[in-house]
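Report on the structure given below.
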Amino acid sequence: MDLGIKGRKAIVCASSQGLGRGCAFALAREGVDLVINARTAAPLEATAEAIRRETGVRVTAVACDITMPEGRAAVLAVCPDSDILVNNAGGPPIGDFRDWGEAQWMKAVNDNMITPIMLIRAVVDGMIARRFGRIVNITSRSVKSPLPSLGLSNGARAGLTGFVAGLSRQVAKHNVTINNLLPGQIATDRQVDGLKTLSAKAGQDYETFRRTRMSEVPAARFGTAEEFGKACAFLCGADAGYIVGQNLLIDGGVVNATM
Ligand code: NAP
């Protein structure tokens, strides 16, 4: 399927590996030129080179912390007129709410709410003027179904979701859409780290714990960054202009709800 976005420009944040990388690859396969970002330069450049080699699109790698104002400025400086923005950053730590003081809450809200909002603010007026824009925020299934050990994520991402619910309806008439993708358990480094922490806390060996968690997913497996990326590319497609302010679960059916 041709998504009609060949030659468009995208910023994909936090994309040297995992879900961001999956989104970057899927957009590149549609012929979208990319600005990709992560804090660590070497793996970021390796991903940029892999995408160039496979797809032939232009890829600019900007090594910086996207959760800092200087990091966002560096990314926006190389692409002030992006057609597509994929917001992503590292997620907050697992723990008990008693572990988190004001500093931890400020960081979670900065990284997973303020950062995407600042990037949306920077690009949305240009998208409106050019009458095309696609913004996808990577959030979490925790927005729809709170996870006990991820209170920082439950809270901070819900704040972003509330903001996006309002703004997406203000900009839709300009062919600018904002939607959220809600990953369940997608096999990435972060997910493996999280499972290791939780299996240690439960006093179970990692492999048994992993298999049990997998068996609880209606799809009977964890997701892949590649299929997650394809969903992202679809939301960025030329014909996706009527999909507005939605929260799409990519979770193999884990969140058990009728709607
Ligand atoms: P991952 O495999 O650990 O990859 C994270 C990527 O983001 C890396 O490229 C990392 O590179 C980059 N990154 C992290 N912090 C950054 C920062 N401050 N500035 C720029 N780049 C940064 O993680 P993932 O599984 O893809 O998760 C991505 C997001 O989805 C996280 O917020 C996570 O909480 C959320 N999520 C994931 C799942 C899942 O099942 N995988 C489920 C729910 C929610 P550097 O470290 O070099 O910066």
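Anything in the stretch 32-49 that is more than 19 Å from THR67 (Cα to Cα) and open to solvent by 20 Å² or more (accessible area, probe 1.4 Å)? List them, or say none.
Answer for the stretch 32-49, where residues must be more than 19 Å from THR67 (Cα to Cα) and open to solvent by 20 Å² or more (accessible area, probe 1.4 Å): ASP33, ALA42, GLU45, ALA46, GLU49.
Starting from the stretch 101-130, keep only residues that are within 14 Å of CYS79 (Cα to Cα) and within 14 Å of the ligand (Cβ to nearest atom), then list their pairs with residues that are in a helix (DSSP H, G or I) and of a type in the set (D, E, K, R) whose Cβ atoms are within a distance under 7 Å, requiring at least 6 positions of separation or different chains.
Once the first residue is within 14 Å of CYS79 (Cα to Cα) and within 14 Å of the ligand (Cβ to nearest atom) and sits in the stretch 101-130, its partners that are in a helix (DSSP H, G or I) and of a type in the set (D, E, K, R) give LEU119/ARG72.
Quick one: in the stretch 25-48, of everything that is out of contact with any strand residue (DSSP E or B) (no Cβ under 8 Å at 6 or more places or on another chain) and assigned to a helix (DSSP H, G or I), which residue is farthest from the ligand (Cβ to nearest atom)? Full working, then the answer.
Looking only at the stretch 25-48, we keep the residues that are out of contact with any strand residue (DSSP E or B) (no Cβ under 8 Å at 6 or more places or on another chain), and these are 25-26, 29-31, 42-43, 46.
From what is left, the residues that are assigned to a helix (DSSP H, G or I) are 25-26, 29, 42-43, 46.
Numbers: PHE25: 13, ALA26: 14, ARG29: 18, ALA42: 9, PRO43: 6, ALA46: 11 Å.
It comes out as ARG29.
Within the stretch 210-225, can one find any residue that is modelled with pLDDT under 95, more than 20 Å from the chain's Cα centre (by Cα) and open to solvent by 70 Å² or more (accessible area, probe 1.4 Å)?
no
Counting only residues that are within 16 Å of the ligand (Cβ to nearest atom) and in contact with a Cys (Cβ under 9 Å, 6 or more places away or on another chain), give me the helices (runs of 4 or more DSSP H) lying completely in the stretch 184-259 with at least 2 of them.
Output list reads 225-235.
What are the residue pairs meeting all of these: first residue in the stretch 45-61, first residue closer than 17 Å to ALA74 by Cβ and among the hydroxyl-bearing types (Ser, Thr, Tyr), second residue more than 13 Å from the ligand (Cβ to nearest atom) and modelled with pLDDT of 95 or more, Cβ atoms under 8 Å, and 6 or more apart or on different chains?
The qualifying pairs are THR60/LEU34; THR60/VAL78; THR60/CYS79.
The values are calculated or read from the model by the stated rules, or taken from the named source; none is laboratory data. Keep in mind that this is a model prediction, so the values were computed, not measured. Cβ sites come from the backbone with ideal geometry, for glycine too, and all protein chains shown count toward neighbours. Ligands, DNA and RNA are stripped out before the accessible areas are found, and what is left, the full protein with its side chains, is counted by its heavy atoms. Shrake-Rupley method; radii C 1.70, N 1.55, O 1.52, S 1.80 Å.
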